[in-house]
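So the structure is just underneath, and the comments pick up after that.
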Amino acid sequence: MTRPVALVTGATTGLGLEFASQLAADGHDLVLVARTHDLLAGRARELGERYGVEVEVLAADLTEPEQLARVEARVAALERPVSVLVNNAGYGLLRPFEENSVSQEDHHVALHVRVPLRLTHAALGQMLPRRSGTIVNVASVAGYTPRGTYGASKAWVLSFSRWANWQYRRRGVRVSAVAPGFVHTEFHQRMGARKEQIPRFLWLEAPRVVRTALQDARRGKAISVPSLRYKVIVALTKVLPTSLIATGSLMGRQAD
Ligand SMILES: NC(=O)c1ccc[n+]([C@@H]2O[C@H](COP(=O)([O-])OP(=O)(O)OC[C@H]3O[C@@H](n4cnc5c(N)ncnc54)[C@H](OP(=O)(O)O)[C@@H]3O)[C@@H](O)[C@H]2O)c1
């Protein structure tokens with residue numbers, strides 16, 4: 001029997017690697033996407049051996065149109081179709097909007113908005129005719145807060161996923177956005193942020209975040225907020241004044 005295929009972007013580390021591991025443990029063959037080919041090849045070997053699944057590797061910088069087109073072609077393919085798409089690749093900018101160059105900001109929005117938009121479009125082309133498929137978009141609790149282009153991009157992911165799940169669920173395709181709070185991954189280190197400024201109780205572990213995200217997606221939930229503490233925080237963002245939420249959301253943006 002052929003196994004279903006899951007494609008995960010940003011699969012070399014952090015949440016993406018955890019999505020790949022849990023989907024492989026659940027019997028999916030994998031397509032792993034990220035920029036660093038050697039790291040991807042190593043992950044493919046490890047996951048293939050550990051879970052006895054087939055793993056393809058697609059090294060691509062998703063912000064480069066020609067490289068993104070190769071990934072879109074794989075997502076759209078009818079042969080060995082992708083049943084689960086996880087739009088996860090992302091990163092943070094440490095400095096405020098006006099201090100970054102406009103091309104840094106543009107690159108950031110491209111990865112968080114244009115890439116999931118294009119890959120979702122490619123996936124729907126083969127999922128809707130088969131009346132089957134799951135798309136998980138990794139957003140953030142920052143999507144509920146005023147926090148520069150990062151918060152704005154993640155708000156787009158939340159809104160887009162909420163609409164797409166309503167639009168396509170009845171046609172067999174579930175779309176779900178997961179909104180994690182702070183998670184121990186390489187994210188903050190890559191951004192150059194000081195993790196110790198963030199209170200310990202706000203940290204989540206990747207396995208739990210991904211388990212909740214996949215469970216909620218299977219249940220057809222449009223939005224998944226892992227952990228009770230972040231459900232409370234999301235509820236508070238809807239009633240507290242903008243100035244308070246904006247000040248709180250500066251946490252995790254202090255330089256190392
Ligand atoms: N960690 C948190 O606290 C947190 C909280 C909420 C939401 N999130 C979101 O979770 C997602 C995953 O982040 P993470 O925390 O797991 O970060 P991470 O550990 O830094 O992993 C990021 C992944 O994205 C890949 N990537 C980055 N730029 C890419 C590009 N241009 N093209 C292709 N792949 C690229 C990286 O691999 P290469 O460098 O090899 O390309 C890596 O595999 C992001 O969307 C992030 O916004 C994270």
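The values are calculated or read from the model by the stated rules, or taken from the named source; none is laboratory data. Note that the structure is predicted; figures quoted are calculated from it, not measured. Using ideal geometry, Cβ is built from the backbone for each residue, glycine included, and neighbour counts are taken over all protein chains shown. Accessible surface areas use protein heavy atoms only, side chains included; no ligands, DNA or RNA. Shrake-Rupley method; radii C 1.70, N 1.55, O 1.52, S 1.80 Å.
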Among (1) away from the ligand (no atom under 16 Å from the Cβ); (2) under 17 Å from the mean Cα position of the chain (by Cα); (3) part of a helix (DSSP H, G or I) - the single one A110 does not satisfy: (1)
Which listed residue is loosely packed, with under 13 Cβ neighbours inside 10 Å, free of Cβ contacts under 8 Å to residues at least 40 places away in the same chain and closer than 25 Å to A11 by Cα, from R208, R200, R170, R219: R219
Residue in the stretch 126-136 that is farthest from E79 (Cα to Cα), counting only those that are part of a helix (DSSP H, G or I) and open to solvent by less than 50 Å² (accessible area, probe 1.4 Å): L128
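For the stretch 5-21, name all the residues that are of a type in the set (A, V, I, L, M), open to solvent by 20 Å² or more (accessible area, probe 1.4 Å) and closer than 15 Å to G42 by Cβ.
So the first thing to find is which residues in the stretch 5-21 are of a type in the set (A, V, I, L, M), and the list is 5-8, 11, 15, 17, 20.
Then drop every residue that is not open to solvent by 20 Å² or more (accessible area, probe 1.4 Å), which leaves 15, 17.
L17 - this is the single residue of the stretch 5-21 that is of a type in the set (A, V, I, L, M), open to solvent by 20 Å² or more (accessible area, probe 1.4 Å) and closer than 15 Å to G42 by Cβ.
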Answer from R118, R114 - the residue that is touching an Asp or Glu at 6+ places or on another chain (Cβ under 9 Å), at pLDDT 95 or above and surrounded by 15 or more Cβ atoms within 10 Å (Cβ to Cβ): R118
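Just one of G10, G42, G16 is within 12 Å of the ligand (Cβ to nearest atom) and on the phi > 0 side of the Ramachandran plot; which is it? Don't jump to the end; show me each part of the working.
Details: G42 fails: on the phi > 0 side of the Ramachandran plot; G16 fails: on the phi > 0 side of the Ramachandran plot.
On inspection, the qualifying residue turns out to be G10.
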Qualifying residues in the stretch 173-188 (those that are part of a strand (DSSP E or B) and β-branched (V, I, T)) - the one surrounded by the fewest Cβ atoms within 10 Å (Cβ to Cβ): V183
Residue among A73, A89 that is assigned to a loop (DSSP other than H, G, I, E, B) and at pLDDT 95 or above: A89
Set G143, G192, G151: member being touching a residue at least 12 places away in the same chain (Cβ under 8 Å), under 22 Å from S227 (Cβ atoms), surrounded by fewer than 22 Cβ atoms within 10 Å (Cβ to Cβ) and within 15 Å of the ligand (Cβ to nearest atom): G151
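Scan the stretch 1-13 and tell me whether some residue there is of a type outside the set (A, V, I, L, M), farther than 18 Å from L78 by Cα and in contact with a Leu (Cβ under 7 Å, 6 or more places away or on another chain). First the steps, then the outcome.
Of all residues in the stretch 1-13, those of a type outside the set (A, V, I, L, M) come to 2-4, 9-10, 12-13.
Checking the rest, the ones that are also farther than 18 Å from L78 by Cα come to 9-10, 12-13.
Adding the requirement that they be in contact with a Leu (Cβ under 7 Å, 6 or more places away or on another chain) leaves 9, 12.
Within the stretch 1-13 (the criterion being of a type outside the set (A, V, I, L, M), farther than 18 Å from L78 by Cα and in contact with a Leu (Cβ under 7 Å, 6 or more places away or on another chain)), the answer is yes, since at least one residue qualifies.
Please indicate, with yes or no, whether at least one residue in the stretch 37-47 is assigned to a strand (DSSP E or B) and small (G, A, S). Outline the logic, then answer.
Looking only at the stretch 37-47, we keep the residues that are assigned to a strand (DSSP E or B), and these are none.
Scanning the stretch 37-47 turns up no residue that is assigned to a strand (DSSP E or B) and small (G, A, S).
So which residues in the stretch 123-140 are away from the ligand (no atom under 16 Å from the Cβ) and either in contact (Cβ under 8 Å) with a residue 40 or more places away in the chain or under 17 Å from the mean Cα position of the chain (by Cα) (or both), if there are any at all? Steps first, answer last, please.
To start, the set of residues in the stretch 123-140 that are away from the ligand (no atom under 16 Å from the Cβ) comprises 123-134.
Once the filter is applied, which keeps residues that are away from the ligand (no atom under 16 Å from the Cβ) and either in contact (Cβ under 8 Å) with a residue 40 or more places away in the chain or under 17 Å from the mean Cα position of the chain (by Cα) (or both), the stretch 123-140 yields A123, L124, G125, Q126, M127, L128, R130, R131, S132, G133, T134.
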Test: residue in the stretch 3-20 that is assigned to a helix (DSSP H, G or I), among the polar types (S, T, N, Q) and within 19 Å of S176 (Cβ to Cβ): no
Single residue of the stretch 47-92 satisfying the filter (without any contact (Cβ under 8 Å) to a residue 24 or more places away in the chain and near the ligand (Cβ under 10 Å from one of its atoms)) that is farthest from L250 (Cα to Cα): Q67
Lone unmet requirement of (1) more than 14 Å from the ligand (Cβ to nearest atom); (2) under 18 Å from V157 (Cβ atoms); (3) not polar (S, T, N, Q) for I223: (1)
Of the criteria (1) in contact with a Leu (Cβ under 7 Å, 6 or more places away or on another chain); (2) assigned to a helix (DSSP H, G or I); (3) in contact (Cβ under 8 Å) with a residue 12 or more places away in the chain, which one A164 fails: (1)
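Taking the conditions exactly as written (surrounded by fewer than 23 Cβ atoms within 10 Å (Cβ to Cβ), away from the ligand (no atom under 14 Å from the Cβ) and more than 20 Å from S249 (Cα to Cα)), does S159 satisfy them or not?
Working: surrounded by fewer than 23 Cβ atoms within 10 Å (Cβ to Cβ): yes; away from the ligand (no atom under 14 Å from the Cβ): yes; more than 20 Å from S249 (Cα to Cα): no.
Answer is no for this residue.
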